[in-house]
Amino acid sequence: MYPKPLTRLAHEQLTEILKPGDLAVDATAGNGHDALFLARTVGDAGHVWAFDIQATALDATRKRLEAAGVAERVTLIQDGHQHLERHLPDQARGRIRAVTFNLGYLPGGDHGIITRPETSLAALEAARAVLGPDGIISLMIYRGHSGGLDEFEAIRAWLQQVHPELHCFPHQPAGDDGPVLVLLGNSLPCPDC
């Protein structure tokens with residue numbers, strides 16, 4: 001039996017937490033897969049804010065959302081994820097139910113444009129600041145690219161200092177440069193790997 005893909009495991013865990021009407025953030029929109037998943041999960045009464053620094057990523061995300069008929073549920077923001085607090089309305093702070101991260105580069109894009117430890121750590125702190133009491137942070141770390149291992153090590157050090165109210169469930173396939181999934185939250189369901 002093959003293990004579940006980490007992206008599927010992340011979405012399964014988020015499905016346990018998110019409900020229609022919830023608020024969510026896709027901190028790294030990329031090609032829009034998480035934004036679409038979040039938009040479908042929070043439904044018409046919910047809302048998603050999706051961030052990316054690259055216009056091409058936001059265009060791909062927009063097209064994916066429009067094709068699915070859920071574009072009105074998502075606000076697309078061209079800015080770094082470390083600035084997510086600046087763009088959320090005051091009434092969303094402390095009510096965000098999920099924040100997703102996919103750290104690395106834009107698949108199909110310029111592999112020289114990557115997430116970096118300093119901005120990713122700042123984004124994680126910003127995500128913690130806006131997260132609701134029963135919220136979850138889904139953090140997919142891709143290590144197999146230039147800079148990926150450095151970012152992973154910086155995040156691993158940060159995780160060791162995370163406040164005790166957050167719990168980490170790292171999932172890692174065999175190998176030193178494969179992706180790693182970390183789920184952070186106060187009341188996470190038990191992962192079924």
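Annotations
- Verdict on R62 being open to solvent by 30 Å² or more (accessible area, probe 1.4 Å) and touching a Leu at 6+ places or on another chain (Cβ under 7 Å): yes
- Single match in A39, A35, A29, A24 (criterion: in a strand (DSSP E or B), touching a helix residue (DSSP H, G or I) at 6+ places or on another chain (Cβ under 6 Å) and open to solvent by less than 20 Å² (accessible area, probe 1.4 Å)): A24
- Selection of the range 42-53 for residues being closer than 20 Å to P107 by Cβ and open to solvent by 30 Å² or more (accessible area, probe 1.4 Å) yields only I53.
- Positions within the range 42-55 being in a loop (DSSP other than H, G, I, E, B) and within 15 Å of the chain's Cα centre (by Cα), in sequence order: I53
- Here E153 clears all of (1) within 17 Å of the chain's Cα centre (by Cα); (2) over 18 Å from T7 (Cβ atoms) except the condition numbered (1).
- For H83: the one exception among (1) more than 24 Å from G108 (Cβ to Cβ); (2) open to solvent by 50 Å² or more (accessible area, probe 1.4 Å): (2)
- Residue count, the range 156-176 (criterion: more than 19 Å from L6 (Cβ to Cβ) and either at pLDDT 65 or above or open to solvent by 50 Å² or more (accessible area, probe 1.4 Å) (or both)): 8
Yes/no per residue for (1) modelled with pLDDT under 90; (2) part of a strand (DSSP E or B); (3) of a type in the set (S, T, N, Q):
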| residue | (1), (2), (3) |
| --- | --- |
| Q91 | no, no, yes |
| V99 | no, yes, no |
| N102 | no, yes, yes |
| E118 | no, no, no |
| A129 | no, no, no |
| S138 | no, yes, yes |
| G144 | yes, no, no |
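- Residues of the range 65-80 classified as open to solvent by 20 Å² or more (accessible area, probe 1.4 Å), assigned to a loop (DSSP other than H, G, I, E, B) and within 21 Å of R40 (Cβ to Cβ), total: 1
- Verdict on E12 being open to solvent by 30 Å² or more (accessible area, probe 1.4 Å), among the acidic types (D, E) and free of Cβ contacts under 8 Å to residues at least 60 places away in the same chain: no
The values are calculated or read from the model by the stated rules, or taken from the named source; none is laboratory data. Fair warning: this is a prediction, and the values are worked out from it, not measured in the lab. FYI the Cβ positions are ideal-geometry reconstructions off the backbone, even for glycines, and counts take in every protein chain you see. Each accessible area value is taken on the protein alone, full model and side chains, heavy atoms only, with ligands, DNA and RNA left out. Shrake-Rupley method; radii C 1.70, N 1.55, O 1.52, S 1.80 Å.
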